[in-house]
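Engineer: Can you keep this structure in mind? I'll have questions shortly.
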Amino acid sequence: LHRDATIELRIVRGIDDAHAAGADALRVAVPAGQHDVAARAWFELLYIVGAELARPSEALAMQLSAELELAAVGENPAMRRKLEGVLASVHLADAQFERALEHHEIAVALAERPDVPPLTRAIVYSNYGNTLYELGRYAAALEAHERAHDLALATVGDTHPMLAIDMMSVARDLERLGDVERARGLYQRSVALREDEVAEGELVRVGGH
């Protein structure tokens, strides 16, 4: 069992089943020395317990196990980026925004590798911008959210509902910075794209971890 399976369980059956699936994966993977599977299962459990169940202290107690399995995998920037994003989400659930930012900054640096897909990079920047916003660093948040928007725009085009999230984030930043007119235009465009999503049954990107 790997991370995609546990995500599917969370969507279809709920968090409890996903939690159980992650635990089952560990029971199989750890004795078998399947370090990549075990690491991903720990990542999933960290996220479920820390972010979705809002039990950050319990989740962070799992971090060492996740780190050990990742170390056993060897150098793997994609998995390191994923763990940094998960840890950021856990700290956000505990309103530890500065600590979350530290993890996001590592994830952003790893997301700039040339082998990272643009939409993955966009999600990393979007999450980074959200944390900067929570810290009141609106100019920096705007820069991150515009980067996320530009990456998504270059990949899916300017009519895809996926852009609605980034437009809304950019608009929120601009509003805080006093650029109300530009913010209003982006809010309106975001709403229109969301309406297109409902009409066409499109899938909109979620923040993820």
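The values are calculated or read from the model by the stated rules, or taken from the named source; none is laboratory data. Since this is a predicted model, take the numbers as computed values, not measurements. Every residue, glycine as well, gets a Cβ built from its backbone with ideal geometry; the counts of neighbours run over all protein chains shown. Side chains are part of the model used for accessible areas, which takes the heavy atoms of the whole protein and leaves out ligands, DNA and RNA. Shrake-Rupley method; radii C 1.70, N 1.55, O 1.52, S 1.80 Å.
Engineer: How large is the accessible surface per residue of region 21-157, computed with a 1.4 Å probe and reported in Å² as a whole number? Spell out each step's value before the answer.
Structural biologist: Working: 6080 Å² over 137 residues.
Result: 44 Å² of accessible area for each residue.
Engineer: Please tell me the relative contact order of region 25-179 in percent, rounded to the nearest whole number, where contacts are Cα pairs under 8 Å and at least six residues apart.
Structural biologist: Numbers: 191 pairs, mean separation 23.8, N = 155.
It rounds to 15 percent for region 25-179.
Engineer: So if I take the centroid of the Cα atoms in region 43-90 and the same for region 130-152, what is the distance between those two points in Å?
Structural biologist: Comparing the Cα centres of region 43-90 and region 130-152, I get a distance of 24 Å.
Engineer: Per residue, what accessible area does region 158-199 have, given a 1.4 Å probe and all protein chains present, in Å²? Walk me through the numbers on the way to the answer.
Structural biologist: On the way: 2300 Å² over 42 residues.
That works out to 55 Å² for each residue.
Engineer: With θ set to phi - 60° and the Karplus curve 6.51 cos²θ - 1.76 cosθ + 1.60, what are the ³J(HN,Hα) couplings of region 37-43 in order, to the nearest whole Hz, using x for Gly and Pro?
Structural biologist: Listing the rounded values in order: 5, 5, 4, 5, 5, 5, 4 Hz.
Engineer: Another question, if that's okay. May I ask you to rank GLU112, GLU134 by accessible area, largest first, using a 1.4 Å probe over the protein chains only? Numbers along the way, then the final one.
Structural biologist: On the way: GLU112 80, GLU134 100 Å².
The ranking, largest first, comes out as GLU134, GLU112.
Engineer: Between GLU181 and THR155, what FRET efficiency follows from the Cβ-Cβ distance if R0 is 41 Å, with the result rounded to 0.05? Write out the running numbers ahead of the final one.
Structural biologist: On the way: r = 28 Å, r/R0 = 0.68.
In this case the efficiency is close to 0.90.
Engineer: Given a 1.4 Å probe and the protein chains all in place, what does the accessible area of VAL156 round to, in Å² to the nearest 10?
Structural biologist: The accessible area comes out at roughly 40 Å².
Engineer: So for LEU132, LEU177, LEU92, what's the accessible-area order with a 1.4 Å probe, most first? Don't jump to the answer; show the numbers that get you there.
Structural biologist: Values: LEU132 5, LEU177 85, LEU92 60 Å².
Correct descending sequence by accessible area is LEU177, LEU92, LEU132.
Engineer: Suppose accessible area is computed on protein heavy atoms with a 1.4 Å probe; arrange ARG99, ARG121 from highest to lowest. Provide the component values of the computation, followed by the final result.
Structural biologist: Working: ARG99 125, ARG121 30 Å².
Reading off the accessible areas and sorting them downward yields ARG99, ARG121.
Engineer: Quote the accessible area belonging to ASP94 in square angstrom, nearest 10, computed with a 1.4 Å probe and with ligands, DNA and RNA left uncounted.
Structural biologist: 70 Å²
Engineer: How large is ³J(HN,Hα), in whole Hz, for each residue of region 56-71 in order, when computed from phi with the Karplus curve 6.51 cos²θ - 1.76 cosθ + 1.60 and θ = phi - 60°, using x for Gly and Pro?
Structural biologist: x, 5, 5, 5, 5, 5, 8, 4, 4, 4, 5, 5, 5, 5, 5, 4
Engineer: When all protein chains stay in place, what accessible area (Å², nearest 10, 1.4 Å probe) is found for THR159?
Structural biologist: In the full protein context, THR159 sits at about 90 Å².
Engineer: According to the Kirkwood expression over distinct Cα-Cα pairs, how big is the hydrodynamic radius of region 35-99, in Å? Write down the numbers at each step before the final one.
Structural biologist: Values: mean 1/r = 0.0872 Å⁻¹.
Value: 11.5 Å, from the Cα pair sum.
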